[in-house]
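Before any comments, here is the structure.
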Amino acid sequence: MVRLTLDLIAKKSNLKSRKEETTLQYLKKITHINFSAKNIDAIEDLSLCKNLSVLYLYDNCISQITNLNYATNLTHLYLQNNCISCIENLGSLKKLEKLYLGGNYIAVIEGLEGLEGLRELHVESQRLPLGEKLLFDPRTLHSLAKFLSILNISNNNIDDVRDLEILENLNQLIAVDNQLLHVKDLECLLNKLTKLWKMDLNRNPVCLKPKYRDRLILVSKSLGISL
């Protein structure tokens, strides 16, 4: 396995071709780091990368989110398809706009309090134990209520989305391949989410209900529902 370190980042940058720039200068100004699919299993101290705004670490073996508290300018974080079971240590990322955590082992969406810049949250296809479903910490939902606009919760065995009623700014909800069954629950959700214009419910049991789509569109005139 490989640890993401400053030395590793510097080596990848091929600084030999930049004779006029020192390693320290390069690390201080770098804005994008891409170490996807590199067998990374841990993130070490990258505090010199003060201007980092986009970090690609998907398709690795990371089990814990660490050493990102320095990255106060980070806006996009890609951690899909790792081994993460807990959302943690992100509280200082006040500028974070997009967070990608699909394909991990996360059972509860939590630890996102204070991230008032977060606009997109992608937590699809968590590798959960058989019979379990993805849950939401009320504190995190309350914290995201006024800001989150896109939420992807596909393929997580979810059978109830009424907890999401608090997300008043949500305009896109992707909930494909879940266990949503009751039209009435979705009607209640739409009564609360007045800004929602896209809801993807493909391959949910509710799709087999007669005229379910018509009933939901009647509740929200601006809504487009994918069958």
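Key figures
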| quantity | calculated |
| --- | --- |
| Members of segment 116-134 found to be hydrophobic (A, V, I, L, M, F, W, C) and either part of a strand (DSSP E or B) or over 18 Å from LEU170 (Cβ atoms) (or both), listed by number | LEU121, LEU128, LEU130 |
| Failed criterion for TYR26 (all others in (1) surrounded by 16 or more Cβ atoms within 10 Å (Cβ to Cβ); (2) touching a residue at least 40 places away in the same chain (Cβ under 8 Å); (3) over 24 Å from GLU120 (Cβ atoms); (4) of a type outside the set (Asp, Glu) hold) | (2) |
| Of all residues in segment 62-76 being hydrophobic (A, V, I, L, M, F, W, C) and more than 14 Å from ILE106 (Cα to Cα), the one that is surrounded by the fewest Cβ atoms within 10 Å (Cβ to Cβ) | LEU68 |
| One residue from LEU121, LEU151, LEU164 being outside the structural domain of GLN80 (by TED's automatic domain parsing) and under 14 Å from the mean Cα position of the chain (by Cα) | LEU151 |
| Helices (runs of 4 or more DSSP H) wholly inside segment 135-227 containing at least 1 residues that are farther than 27 Å from LEU115 by Cβ | 183-192, 212-219 |
| Residue list for segment 77-115, filter: of a type outside the set (Ser, Thr, Tyr), buried (at least 20 other Cβ atoms within 10 Å of the Cβ) and not in a loop (DSSP other than H, G, I, E, B) | LEU77, LEU99, ILE109 |
| Out of VAL183, VAL176, sole residue that is out of contact with any strand residue (DSSP E or B) (no Cβ under 6 Å at 6 or more places or on another chain) and either modelled with pLDDT of 95 or more or of a type in the set (Val, Ile, Thr) (or both) | VAL183 |
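The values are calculated or read from the model by the stated rules, or taken from the named source; none is laboratory data. All values derive from a computational prediction rather than experimental measurement. No Cβ is skipped: glycine too gets one built from the backbone with ideal geometry, and neighbour counts run over all protein chains shown.
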